[in-house]
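Quick notes on the structure that follows.
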Amino acid sequence: MNGSDHNATAPWDIVVELKGVSKTFRQRQRSAHLKDVARNLFRPVIREVRALQNITLTIRRGEIVAYAGPNGAGKSTTVKMLSAMLAPDVGTVRVLGYDPVRQREAYVNRIGVVFGQRTELWWDHPVAASFEWKRVVWDIPTERYERMVGVVKELLGIGEFFNSLARELSLGQRMRADLALALLHEPEILFLDEPTLGLDVLAKRNVLQFVKDLNRQHRVTVMLTSHDMSDLEQLAERIVMIDKGRLAFDGDFDRLRREFADRRHLFIETTADRYPELTGARWIESVGCRHEYQFDATHVNLVTLLEQAATQTTILDVETHRAPIDDVIADIYEHWQK
Amino acid sequence: MAARYMRRLFALWCMYAWLDLMWVTRSFQSFVLYFCGETIVAIAALSSTLLLAERFNGLGPWSKPQLIFMLGYAALVFGLLDMFFGFNVLFIGRRLGRGQFDHTLVQPQPIWLALLTDGFNPFGASGPFLTGIILISWANSFLLLTPTLMWLFLFVLNVVSSVSVVLSVSFFWGSLAFFAPRAAEEINTPLLRMFDHLKLFPLDGLSAGMVSGLLTAVPVGFIAWYPCRALLGLDSAWHAPYLTPLAALGFGLLASKLFIQGMRHYERIGSQRYRAMGHRG
């Protein structure tokens, strides 16, 4: 499904383009029974895993795109393809006009890649030494290097641990240093795979704020994957979801909520302990005279619910909350699994 | 283009040398301990053959000074391998098997340039190299060689070729990790251990079949024995000094072919596993 208006963008503004991309991996299946030893060795059962199936996707310059999906949906396979590490079986991948695998050397000079569970830092050296390493390997002109060191020091606050050994940094500091390193050559696109994995709330907020600032001030296009949906919602306007290798949703978060049930919580405070019976809403609990319900705003009108309640009791106060995006996504994943 | 790559090559070597110097000199204690340790390891590695040569005043057709020359040559070859191909470049199976090759792929430079420079650690791995230089100088004080420019050229050519033979064989077997990452992750370890153990033994007197095997299937003869025979005049055939470079070319081609095939496989399959261990020390 690709119901967004992204396909209508001007072609010169498109920086990432996947057309009919498919990728299949072969997995050996091994029986745990002793009698199957010979078969495991000589005629193993091969299972084909379709990591990506006919994915067509475009990203415009300056967008922040959240790329989400359950475990094993194909997110990392996509990021690897966009990072010149993997070629598609079928279809084409074009980023900034390059074929990432065939034109790797020129291409990777214009992108930045950060994998949350990997580091490019030199473990036994100060962060400053990794920066110098990056300058030489990427052949970054001195003027650009010095300017970008200033930018990342300011945006990411890495000055305080610039001369500390990488192995002595906290996870949050390490991630900031890795992000800074990925930006020294001024990439036009940043691919972030689980950049907030394992970070505490503060470190996470710093990283997300940095990505936002970077996008706003330097117009860097960002594509990031994460399992933390509230992070993604804070950061990205657009979310692309894949499931079992297929594109399952492409649009904004509001549309996602609407399309997969706009679940809301309704709190009604009344004069009575007994909760009012509301058709179209599910009662959750009552604490004293405060009653909580859940309803789907795409099917039930809030006013109708309140009218029903008013006929049964006297209403003192009303509150509604949207369900957290994590709950919405969990429901979607559950729905996909059925 | 060639000039640009040469400039890049030296810039990268300088930078890696600087990183290595920073690491070696991180503290006075570790600096002293590191060099003591390296020296002990280098002496221990050479002592068995050196003691045998001392006891029998040479081995077969090799006089004691000639043997010392060969020991120095072997130490020099392994010293250069350690010095230029550290950080698991020589043990390439580990990088491939652990999924660490992805780090190389995101660098905007040719793979060969990355592999030629990534593992350069001229200070931290200088022990065997210096031992080799000292032993060769010591041997020369007995042999009284008066090297001509041509001899020096052949010496350098043979040393580089011996390094290339070991590197090529290591890459040949290590490339299997492209296809079987878990199984071949440590394939270079026993291979290089075997080379290390056998590199010091003169192969004279072995059967022709055995010598052929040790120059082809397991080419330990090219690490020191054969090139030293040629350089010291124990094999007077005109082509003797060129056999090791020729072998290096052959093994290099074979290794490149398999490595390139492995790269194509990697493009299709990628790496399903990743281990941070061993990546950059």
Using a loss threshold of 50 Å², tell me which positions in segment A:90-112 are less accessible in the complex than in their chain alone. Probe radius 1.4 Å, ligands and nucleic acids ignored. A:Arg104, A:Glu105
Relative contact order [Cα under 8 Å, 6+ residues apart], segment A:1-160, whole percent: 22 percent
Quick check on segment B:2-269: take the gyration tensor over C-alpha atoms, sort the square-rooted eigenvalues as a ≥ b ≥ c, and tell me if it's rounded (a/c under 1.5), prolate or oblate. prolate
Probe 1.4 Å, accessible area per residue of chain B, Å²: 46 Å²
Using the alpha-carbon atoms, what tilt in degrees (0 to 90, nearest 10) does helix A:302-312 show relative to the longest principal axis of chain A? 30 degrees
Share of carbon and sulfur in the accessible heavy-atom surface of the protein assembly as shown [1.4 Å probe, %]: 59 percent
Select from A:Gln53, A:Gln173, A:Gln29 the residue whose mean-square fluctuation is largest in a Gaussian network model of chain A (Cα-Cα springs shorter than 10 Å). A:Gln29
Ranked by GNM mean-square fluctuation in chain A (Cα springs under 10 Å), the top entry among A:Val108, A:Val240, A:Val45 is A:Val45
Any lysines whose Cα falls less than 26 Å from that of A:Lys134, other than same-chain ones fewer than 8 residues away, would be A:Lys80, A:Lys153, A:Lys204, A:Lys212
If I ignore ligands, DNA and RNA and count only protein heavy atoms, how much of B:Phe201 is accessible to a 1.4 Å probe, in Å² to the nearest 10? 90 Å²
Relative to chain B, whose Cα atoms define the longest principal axis, helix B:127-143 and its Cα axis are tilted in degrees, nearest 10, by 20 degrees
Angle check, please: helix A:201-218 long axis (alpha carbons) against the longest principal axis of chain A (alpha carbons), in degrees 0 to 90, nearest 10. 70 degrees
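Please work out the FRET efficiency for the pair B:Ser256 and A:Ile284, using the Cβ-Cβ distance as r and a Förster radius of 51 Å; give the result to the nearest 0.05. The partial results should precede the final answer.
Details: r = 67 Å, r/R0 = 1.31.
Computed FRET efficiency for B:Ser256 and A:Ile284 comes out at 0.15.
Rounded to the nearest 5, what % of DSSP beta bridges with both residues in the protein assembly as shown are antiparallel?
Of those bridges, close to 70 percent are antiparallel.
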Ordering B:Trp112, B:Trp238 by how much accessible area each has at a 1.4 Å probe, largest first, what is the list? B:Trp238, B:Trp112
Quickly estimate the mean residue ellipticity at 222 nm for the protein assembly as shown, helices only: each DSSP H run with n ≥ 4 gives -39500 (n - 2.57), and the total goes over all residues, rounded to 500. -16000 deg cm²/dmol
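Suppose a student asked you for the relative contact order of chain A, using Cα pairs under 8 Å spaced at least 6 residues apart; what percent would you report?
Details: 600 pairs, mean separation 63.2, N = 338.
Reported as a whole number, the value is 19 percent.
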Gaussian network model of chain A, springs between alpha carbon atoms under 10 Å - residue of A:Phe131, A:Phe161, A:Phe267 with greatest fluctuation: A:Phe267
Nearest 100 Å², what total accessible surface is buried between chain B and chain A (probe 1.4 Å)? 2900 Å²
Per the charge dipole of the protein assembly as shown (beta-carbon charges, Lys/Arg positive, Asp/Glu negative, Cα centre), the residue among A:Val328, B:Phe201, B:Leu46 reaching farthest to the positive end is B:Phe201
Need the list of lysines near B:Lys64 for cross-linking: C-alpha distance under 26 angstrom, and skip anything on the same chain fewer than eight residues off. B:Lys199
Positive-pole candidate from A:Ala51, A:Gln294, A:Gly172, dipole of the protein assembly as shown, charges at beta carbon: A:Ala51
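Can you tell me the convex hull volume per residue for segment B:167-281, based on C-alpha atoms, in Å³ to the nearest whole number?
Values: hull volume 14.6 nm³, N = 115.
Convex hull of Cα atoms, per residue: 127 Å³.
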Sorted by accessible area with a 1.4 angstrom probe, largest first, how do A:His299, A:His33 fall? A:His299, A:His33
Would you mind calculating the relative contact order of chain B from Cα pairs under 8 angstrom and at least 6 residues apart, reporting the percent as a whole number? 26 percent
Dipole of segment B:180-281 (Lys/Arg Cβ +1, Asp/Glu Cβ -1, origin at the Cα centre): which of B:Ala240, B:Phe251, B:Pro219 lies farthest to the positive side? B:Phe251
Here segment A:165-172 yields Karplus 3J(HN,Hα) values (6.51, -1.76, 1.60; θ = phi - 60°; whole Hz; Gly and Pro given as x) of 5, 4, 5, 9, 7, 6, 4, x
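What is the extension gain from B:Ala3 to B:His197, computed as 0.36 nm multiplied by their sequence separation minus the C-alpha to C-alpha distance, in nm to one decimal? Walk me through the intermediate numbers first.
On the way: separation 194, 0.36 × 194 = 69.84 nm, distance 3.94 nm.
That works out to 65.9 nm of additional length.
Apply 1/(1 + (r/R0)^6) to the Cβ-Cβ distance of A:His218 and A:Ile315, taking R0 = 45 Å, and write down the FRET efficiency to the nearest 0.05. Display every interim value, and only then the final one.
Values: r = 50 Å, r/R0 = 1.12.
Calculated value: 0.35.
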Scalar couplings 3J(HN,Hα) for segment B:20-26 by Karplus 6.51 cos²θ - 1.76 cosθ + 1.60 (θ = phi - 60°), nearest whole Hz, x for Gly and Pro, are 5, 4, 4, 6, 5, 9, 5
In segment B:15-32, which residues become less accessible by 20 Å² or more once every protein chain is in place, relative to the chain on its own, using a 1.4 Å probe? B:Met15, B:Tyr16, B:Trp18, B:Leu19, B:Trp23
With x for Gly and Pro, the residue-by-residue ³J(HN,Hα) of segment A:20-37, computed from phi through the Karplus equation 6.51 cos²θ - 1.76 cosθ + 1.60 at θ = phi - 60° and given in whole Hz, is x, 7, 10, 8, 10, 10, 9, 10, 6, 9, 10, 7, 8, 8, 4, 5, 9, 4
In nm, the gap between the two label points placed 7 Å beyond Cα toward Cβ at A:Arg60 and A:Ser230 is 3.0 nm
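The values are calculated or read from the model by the stated rules, or taken from the named source; none is laboratory data. As the structure is a computational prediction, the values presented were derived from the model and not from experiment. For neighbour counting, all protein chains shown are included, and Cβ atoms are generated from backbone atoms with ideal geometry for every residue, glycine included. The protein model used for the area step is the full one, side chains on, heavy atoms only, and it has no ligands, DNA or RNA in it. Shrake-Rupley method; radii C 1.70, N 1.55, O 1.52, S 1.80 Å.
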